Amino acid sequence: MESRAAISKQDIREQIWDYMESQNLADFPRPVHHRIPNFKGAPHAAEHFPRLQAFKVARTIKVNPDAPQKNARFFVLDSKKTLLVPTPRLRTGLFNRITPPPGATKDMLRKCATSEGVKNYSVPVGLDSRVLVDLVVVGSVAVSEKGWRLGKGEGYADLEYAMMVSMGAVSQETPVVTIVHDCQVIDIPEALLEDHDLTVDYILTPTRVIATGCERPKPTGITWSKISCEVMGKIPVLRSLRYREKQMGKDVTLQDEHRRLLETCSQQTAPPRAVRRPWNPSQLEPSSVQGEDVPSNTVYVGNLPWDTRVSELKRALRERGTAPLRLTWQGPQHRAFLHYRDPASAQQAISCLQGLQLGTSTLKVALARQQRASDLAGGGAREPHPDRYTTI
């Protein structure tokens, strides 16, 4: 049998999902795998929520959009408190505030509390709204009586909370509640927890209310070294928060950048490599064919749509945090060259720009010298040297 120490977060999730399916404890949508489970008895578990003292004194409550929290959302609206719901996968912002129609009946409030109602009866809450959240409700796949929590593994609840900390919307004293089936309350080894993992103060099940008394500190903000360029590209509000924190002088080094810094430090402390032989003028043409005459801090951007304006590309670069020192525009040839401070900055930009789309086109991004060598090796026309065009 697998030892306790060898159990991973994903092992625990799979055990919970498998058990709920095998015991028919789940409601629609099914199967529950890779979801926050919507369990039978969720409405009954939620009835504990308005009885909590933390609920009674709260004015603004953030509740996740998962199905088992539907009744919790209804109780917030029915108590005439402000309900905030995170946008799905944070694609269009952080919060939406649910705004029922004037004079809404209980049936209408129940409709507003559904996922469809969240879409139709909400307004976005911007970063400058200075919102203060008094109580947070999150979904869980598994949770322990000590307050350790596991979500479905994508990290959105942890990131939402960290972003709220960054905005000043919550503090260490802000209570966190989760609503789960009794079978989801299990022992979780503390060794599995990381600094960015969110803990909970109250667990509501169909049969009981558990005050965890958790003393482990909650996340104190966004751990930028855990955020990849890919995630940054998907969450616009995260890019805005990063810009703000950078202006405040905070370390906002991303996961990809952090890894490169470690590699650079490792290379600097490694034994010196063999000295290259003196340059031979007769090697000029071969090296030129390989693209080595193109600076290694220059990035090629191809497959630009024919109607793209340079301002559109510049805006996209700013949004991904990869604005170059200068830009060489070759729009009629559907390409541009980005010039960065050094090769490391160029490599970082390439990572952050992967998958970037303008219109319906996914842009091709690579080191300019590699792209040039590839074109020439394929027998294509010689790629113009980026420095031979006017820069912008």
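The values are calculated or read from the model by the stated rules, or taken from the named source; none is laboratory data. Small disclaimer: the values here were computed from a predicted structure and weren't measured. No Cβ is skipped: glycine too gets one built from the backbone with ideal geometry, and neighbour counts run over all protein chains shown.
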Seminar exercise, completed: By residue number, the members of the stretch 309-323 that are more than 18 Å from Thr360 (Cα to Cα) and either at pLDDT 90 or above or hydroxyl-bearing (Ser, Thr, Tyr) (or both) are Thr322
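Residue-wise test of (1) more than 15 Å from Met232 (Cβ to Cβ); (2) buried (at least 19 other Cβ atoms within 10 Å of the Cβ); (3) aromatic (Phe, Trp, Tyr).
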site: Tyr300; (1), (2), (3): yes, yes, yes
site: Glu312; (1), (2), (3): yes, no, no
site: Ala323; (1), (2), (3): no, no, no
site: Ala346; (1), (2), (3): yes, yes, no
site: Gln354; (1), (2), (3): no, no, no
Exercise. Can you find a residue in the stretch 70-90 that is more than 24 Å from Met232 (Cα to Cα), touching a residue at least 60 places away in the same chain (Cβ under 8 Å), surrounded by 19 or more Cβ atoms within 10 Å (Cβ to Cβ) and in contact with a helix residue (DSSP H, G or I) (Cβ under 8 Å, 6 or more places away or on another chain)?
Worked result: yes
For this session: Filter the stretch 15-68 down to the residues that are within 23 Å of the chain's Cα centre (by Cα) and surrounded by fewer than 17 Cβ atoms within 10 Å (Cβ to Cβ), then identify the one that is nearest to Leu90 (Cα to Cα).
Result: His34
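Wholly within the stretch 220-298, which helices (runs of 4 or more DSSP H) include no fewer than the required count, namely at least 2 residues that are modelled with pLDDT under 55 and either loosely packed, with under 11 Cβ neighbours inside 10 Å or of a type in the set (Ser, Thr, Tyr) (or both)?
On the way: elements: 229-234, 236-247, 255-269, 284-289.
Once the helices (runs of 4 or more DSSP H) in the stretch 220-298 are filtered for at least 2 residues that are modelled with pLDDT under 55 and either loosely packed, with under 11 Cβ neighbours inside 10 Å or of a type in the set (Ser, Thr, Tyr) (or both), what remains is 255-269, 284-289.
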For this session: Taking Leu193 as the residue in question, decide whether it is more than 25 Å from Asn71 (Cβ to Cβ) and touching a residue at least 24 places away in the same chain (Cβ under 8 Å).
Result: yes
Seminar exercise, completed: So, first residue among the hydrophobic types (A, V, I, L, M, F, W, C) in the stretch 197-217, second residue surrounded by fewer than 19 Cβ atoms within 10 Å (Cβ to Cβ) and assigned to a loop (DSSP other than H, G, I, E, B), Cβ within less than 8 Å, six or more apart or across chains; the pairs are Val200/Cys214; Ile203/Glu145; Val209/Leu52; Ile210/Glu145; Cys214/Lys146
Exercise. Looking only at the stretch 328-371, which residues are in a helix (DSSP H, G or I), within 13 Å of Thr298 (Cα to Cα) and in contact with a helix residue (DSSP H, G or I) (Cβ under 9 Å, 6 or more places away or on another chain)?
Worked result: Ala344, Ala346, Gln347, Gln348, Ala349, Ala368
Exercise. Somewhere in the stretch 63-73, is a residue over 19 Å from Pro37 (Cα atoms) and at pLDDT 95 or above?
Worked result: no
